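This report refers to the structure that appears directly beneath it.
Nothing in this text is a laboratory measurement; each read-out follows from the coordinates by a stated rule. The structure displayed is predicted, hence computed values, not measured ones. Neighbour counts are summed over all protein chains in view; Cβ atoms, including those assigned to glycine, are modelled from backbone coordinates with ideal geometry.
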Amino acid sequence: ASFLQGFLISASNPKVILFYAAFLPTFMDLSQLSARGILLAAVLTFIALMVGLLAVIFGAAVVRAKLKSPSAQRRLNWFSGGIMMGAGVYLAVH
């Protein structure tokens with residue numbers, strides 16, 4: 001259910017729709033597209049979105065497992081704090 005929800009959110013995102021509307025004409029002559037070509041483009045788009053979502057899912061699972069330890073959380077806090085302090089120093093100087 002979560003997988004389908006993620007796909008539907010991605011597929012119905014107006015930015016994604018605009019991207020494909022601007023991107024596809026550079027590679028396909030849309031006036032010459034048949035029903036079979038439209039179906040093929042839709043299937044390939046679906047596969048690409050699924051691969052992308054699966055990569056995010058597996059990547060998040062790996063990162064979650066690695067960040068569960070207290071030492072990893074401590075390092076993350078130090079790193080994040082360092083970035084915040086660096087940003088503060090940058091803003092103060094400029």
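Mind checking which helices in the chain clear 15 Å along their axis (Cα) and have mean Kyte-Doolittle hydropathy of 0.0 or more, DSSP H runs only?
On the way: long enough: 35-66 (46 Å, 2.01); 70-93 (34 Å, 0.40).
Taking the DSSP H segments of the chain (at least 15 Å long, mean hydropathy at least 0.0), we get 35-66, 70-93.
Return the label of the correct value of Cα Rg over 2.2 N^0.38 Å, as calculated from the structure shown, out of (i) 1.04; (ii) 1.24; (iii) 1.70.
Label (iii) holds the value from this structure.
Using +1 on the beta carbon of Lys and Arg, -1 on that of Asp and Glu, and nothing else charged, what's the dipole of the chain about the Cα centre, debye to 20? Write out the running numbers ahead of the final one.
Numbers: 7 positive and 1 negative charges, 105 e Å.
Using only the charged Cβ atoms, the result is roughly 500 debye.
Which length gain, in nm to one decimal place, applies between residue 72 and residue 60 when the Cα-Cα distance is subtracted from 0.36 nm times their residue separation?
Working: separation 12, 0.36 × 12 = 4.32 nm, distance 1.52 nm.
Gain on extension, residue 72 to residue 60, equals 2.8 nm.
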